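Q: Below is a structure I'd like to ask you about.
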Amino acid sequence: MPWPHGWLACPGNVRRGVAAMSGESTLKEAIERLSKALSSLEDAVDARMERDRAVADSDAELQRMNADRARLAQEIDKSEARAKRLEEVNREVSRRLVTAMETIRAVLDR
C-alpha cells in the first residue's frame, strides 16, 4: 500500500532524500569553496601580472636611463675636448699678444 504523503514519506526514500539534500549541500559548499579559490587565484594572477608590468616598466626605464647616461657621457667627453682646445687656443692667443706687445715696446723704444 502506498504511503499517504507520497514517495518522500517512505522510510527508505526519506533516508535517500536526506542524503541527497546533504549531498547537494556538500556539493554546493564545495562549489562555493571552489569559486572562492578561483576568485583568489584570479586576484593573485592579476596582482602578479601587475607586478610583472611594473618590473617591465622599470626595466624599460632603466634602459632609457642607461642610454641617456651613455649619451650624456659622450656629450661631456666632447665638451671636455672642446674646453681643452679652447684653453690651448687661449694660451696661443695670449702668447701672440705678449709677443705683439713686446714688439710694439721695442719699436716705441727706438
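Q: Here is a check on your reading of the model: is residue 56 assigned to a helix (DSSP H, G or I) and surrounded by fewer than 10 Cβ atoms within 10 Å (Cβ to Cβ)?
A: Judged against the criteria, residue 56 is not a match.
Q: Another question, if that's okay. Could you give every pair whose Cβ atoms fall below 6 Å, whose first residue belongs to the stretch 16-44 and is surrounded by 10 or more Cβ atoms within 10 Å (Cβ to Cβ), and whose second residue is modelled with pLDDT under 95 and in a helix (DSSP H, G or I), counting only separations of at least 6 or pairs across chains?
A: Qualifying pairs under 6 Å: 17/8.
The values are calculated or read from the model by the stated rules, or taken from the named source; none is laboratory data. Computed from a predicted model, the values in this text were never measured in an experiment. Backbone-built Cβ (ideal geometry, glycine too); neighbour counts: all protein chains shown.
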